[in-house]
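Readers should treat all values here as calculations from the given coordinates under stated rules, not as data from a laboratory. Here the structure is a predicted model, which means the values were calculated and not measured. Note that each Cβ is placed from the backbone with ideal geometry, even for glycine, and that neighbours are counted across all protein chains shown.
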Amino acid sequence: MIQMPPMSRQQLRSRLDTLPRVRIATIPTPLQEAENLSRELGVRILIKRDDLTGLVLGGNKVRHMDFCMADALEKGADVSIHVYGLTNNSRIIGAASKKVGMDYICIATGSYGSIDLKGRPFQGNLLIQDLLGADIRLLDTTDKDEISGYVEGIENQLRNEGLTPYNHVKEHMSRSSAVISYIDATLEIASQLDAINVDQVKIYIASGGGLGGLQIGAAALGLPWEILGVLIGTPEESFADVVGWSNNALKHMGFDQRMAWEDVVQTADFIGPGYGRISPACTEAIQMAAELEGLLLDPVHTGKVMAGIIDHARSGVIRQGQTVLFIHTGGLPDLFYFAEELQRS
């Protein structure tokens, strides 16, 4: 784990409060007992409901927008641009952009996992962004140079029109905000665990900026948490630069410490067939959570994280008597693209 200077919760809160922020996320989100799932698996499972952050079906990325949109507004941006897919990230960036008064251009390229963007049903994230009034551009190419040239052309055109674009691929805060918002969430979770007298916990979260934020926050506060990131695709499919994003976040917050890859604890055991592709273990996890808890998970992120919890509970990786915290990061619009794979009969 990364070594951080010991801090009180108030000191960490004060450090976070120095950053520009607009209040977009509905927080704190609930921390719930999964009693039926706990009985089934023989370990105590708590669920952090970050699928309930508000803003177009919620999700972890709504937390990011508190800091990301503040950065965009400080830079005088009036057009928000996101590249690479009609994803949960692009949905939430689009909604947050509209909420703070910015126009939004979404550039979707190639394919999303096993789904052909050109032929995908008009539902889920695509439908939501259309409802938001997003300017959606579907490109056939996956060539990075072609995409970069296309985006640069849009940026130049906007500047010639007297507008200021905020390109989320280029802006450090667009990814650093994921880490910062989960340093913030660390304080929230710690208070909620205190309220139910839980000290030690094993946390499962999809690998990415949120993982980095929890690791930094827990290290700074000296919390006895085990934090595991679950990879949901290979690096070629879904590169989660936990270290790069975390170090940029540390710079934004004025810390001298830096994260290294050996600090990152994550597993690739539950990727299955690949990013955006569902596995039997993921299918079982989604069906089990729905049947036992009335809880919906998605096949891209949270279903694979829950598959990891189920496997680790059954195999003894999660010790008897240990408390597990599952970070539910949302992503529910993706559920409906996998109807055929998920239906029971």
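Taken one residue at a time, the phi angles of the range 98-108 give Karplus couplings (6.51, -1.76, 1.60, θ = phi - 60°) of 5, 5, 8, x, 9, 6, 9, 10, 10, 10, 9 Hz. Gly and Pro are set to x. Loop-resident GluC sites (Glu not before Pro) (DSSP state other than H, G, I, E or B) in the range 23-58 with no more than 15 further Cβ atoms inside 10 Å of their Cβ are absent. Based on the Stokes-Einstein relation at 20 °C and a viscosity of 1.002 mPa s, and on the Kirkwood radius from alpha carbon pairs, the chain is assigned a translational diffusion coefficient of 104 µm²/s. This ranking places Thr186, Thr26 by how few other beta-carbon atoms lie within 10 Å of each, fewest first, which gives Thr26, Thr186.
Between the range 206-220 and the range 279-310, what's the alpha-carbon centroid distance in Å? So the separation of the two Cα centres works out to 22 Å.
Taking every DSSP helix (H) stretch of at least 4 residues in the chain, weighting each as -39,500 (n - 2.57) and dividing the sum by the residue count yields a mean residue ellipticity at 222 nm of -13500 deg cm²/dmol. Rounded to whole numbers, the Karplus 3J(HN,Hα) couplings from phi for the range 300-316 are 8, 10, 5, x, 6, 5, 5, 4, x, 4, 4, 4, 5, 5, 6, 8, x Hz, using 6.51 cos²θ - 1.76 cosθ + 1.60 with θ = phi - 60°, and x at Gly and Pro.
Taking every alpha-carbon pair in the range 184-261 and binning the separations at 5 Å intervals from zero gives 3, 14, 25, 24, 17, 11, 5, 1, 0 percent.
Legend: ranking of residues Val179, Val324 from fewest to most surrounding C-beta atoms inside 10 Å; resulting order Val324, Val179. Only alpha carbons enter this Debye calculation for the range 60-171, each as an equal point scatterer, and the log10 of I(q)/I(0) it gives at q = 0.12, 0.18, 0.24 Å⁻¹ is -0.39, -0.89, -1.44.
Within the shell defined by Cβ-Cβ distances under 14 Å, the residues around Leu12 carry a net charge of 0, with Lys and Arg each +1 and Asp and Glu each -1. What is the distance in Å between the Cα centroid of the range 161-180 and that of the range 37-99? Value for the Cα centre distance between the two parts: 14 Å. Sequence-ordered 3J(HN,Hα) estimates for the range 214-219 from the Karplus curve with 6.51, -1.76 and 1.60 and θ = phi - 60° stand at 5, 5, 5, x, 5, 5 Hz, glycine and proline given as x.
If you put +1 on each Lys and Arg Cβ and -1 on each Asp and Glu Cβ, how big is the dipole of the chain around its Cα centre, in Debye rounded to 20?
Value, rounded to 20: 680 debye.
GNM remark for the chain: springs join alpha carbons under 10 Å apart, and the peak mean-square fluctuation among Ile136, Ile203, Ile183 falls on Ile136. How would the range 231-345 be classified by its alpha-carbon gyration tensor: rounded, prolate or oblate, with rounded meaning a/c under 1.5 and the a/b versus b/c comparison settling the rest? Since a/c reaches 1.5 and a/b is larger than b/c, the shape of the range 231-345 is classed as prolate. Listing Asp241, Asp17, Asp298, Asp184 from fewest to most neighbouring C-beta atoms within 10 Å gives Asp17, Asp241, Asp184, Asp298.
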